[in-house]
Amino acid sequence: MQGNVREIALDVVRADGTRLPVLVNSALKADESGEPVVVRIALFDATDRREYERELLRALARAEESEARATELAATLQASLIPPAPPAIPGLDVGAVYRPAGRGDEVGGDFYDVFETGRGEWAVFVGDVCGKGIEAAAVTALARYTLRAAAVRTRRPKLILSLLNDAVLRERTERFCTVIYGRLRIGSGSARVTLASGGHPLPVVVSRDGPAVVAGRPGDLVGVLESFGAPEWTVALVSGDALVLYTDGVTEARGRTGFFGTERLLAVASQHAGRPATELANAIVDTVVAFQDGLPRDDIAVVVVAIP
């Protein structure tokens, strides 16, 4: 039909039965009237090219296997930095959800924890280390365990963040982080939460009887300045209220219409006021992921502390 063919891959069987990979070019020669006269065929030894193609396939298989291992490693490392499940606390309902960015094949910098510091007292914190990868994971581990250790030395959230700031500066890393830390004192059907924010997004207070609002005052980034400062404030929670802590993967999520923003967060929180903590956390994360067409560009962590 075309009068010629180029680079048809074939195997030629030699007299001894072995195979020789070849590429075949063929052209039809016609006379002046257009009648076929002869077909000229040229065979080229394609041994090296065939081996090159096979090596490409082997390299692709190795790359896919390496990517699978990297994804598994990232998930394992991330799991070591995130509690498997929130603790069961009498008089308190705690829910936490973590959603990695993209396909989850890279270690993120988001972290959180909830742990007991004394009888009727608990600590909760949410943080975000700048960047991703192994270096970010190292700072994440440092921050998480420093906060736990600092909680033994003092109960004041602003002093705990100051100790973390000193620890990050001693590492001489280019990474910094944001952290919000809260001290919970549980009463009968109520709780008082004293918080301090080290450059972290301020929390949302969700009331069963009113609209959700942003609460608190911002402080300095952690790991940037030696003269660190983070003011404290206290939130009183009663039955049906909830406190939402989150990372900037929520409000700074970018969709087709711009950023998700604080107003959308408040709307989702108000819509699910009075719901169980895990249900509220899932609703926020699901809404943010859907806003980004199902593929978040940054890690998302949400921790909800509610009074049943």
Report summary line: Over the chain, with neighbouring protein chains present, the accessible area per residue in Å² at probe 1.4 Å is 53
Requested in this report: Round to the nearest 10 and give me the degree value, 0 to 90, for the angle of helix 261-271's Cα axis relative to the longest principal axis of the chain.
Outcome: 70
Query - Residue-averaged 222 nm ellipticity for the chain, from DSSP H runs of 4+ at -39500 (n - 2.57), nearest 500 - result: -10500 deg cm²/dmol
Query raised in the report: Over region 81-192, what percent of the accessible surface lies on carbon and sulfur atoms, probe 1.4 Å?
Result: 49
Query - Cα centroid separation - region 185-246 against region 158-173, whole Å - result: 20
Query - Separation of the A42 and L163 label points, Cα + 7 Å toward Cβ, nm - result: 7.9
Query - Phi-based couplings in Hz for region 278-290 (Karplus 6.51, -1.76, 1.60; Gly and Pro marked x) - result: 5, 5, 5, 4, 5, 4, 5, 5, 4, 5, 5, 5, 4
**Report entry** Inter-label distance, nm, simple model (7 Å from Cα along the C-beta direction), V5/R254
**Finding:** 5.0
Requested in this report: State the percent of C-alpha pairs, over all pairs in the chain, separated by a distance greater than 36 angstrom.
Outcome: 36
**Report entry** Cβ-based charge dipole, the chain, positive-most Cα from S188, G108, P84
**Finding:** S188
Query raised in the report: With a ≥ b ≥ c the root eigenvalues of the C-alpha gyration tensor of region 192-308, is it rounded (a/c under 1.5), prolate (a/b larger than b/c) or oblate?
Result: oblate
Report summary line: For region 234-297, Rg(Cα) over 2.2 N^0.38 Å is 1.16
Query - Cα-Cα separations in region 110-180 greater than 20 Å, expressed as whole percent - result: 25
Requested in this report: Would you please state the base-10 log of I(q)/I(0) at q = 0.27 1/Å for region 150-225, with intensities from the Debye formula using one equal scatterer on every alpha carbon?
Outcome: -1.25
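The values are calculated or read from the model by the stated rules, or taken from the named source; none is laboratory data. Because the structure is a prediction, the values reported are computed rather than measured. Note that we place each Cβ from the backbone using ideal geometry, even for glycine, and neighbour counts take in every protein chain shown. Side chains are part of the model used for accessible areas, which takes the heavy atoms of the whole protein and leaves out ligands, DNA and RNA. Shrake-Rupley method; radii C 1.70, N 1.55, O 1.52, S 1.80 Å.
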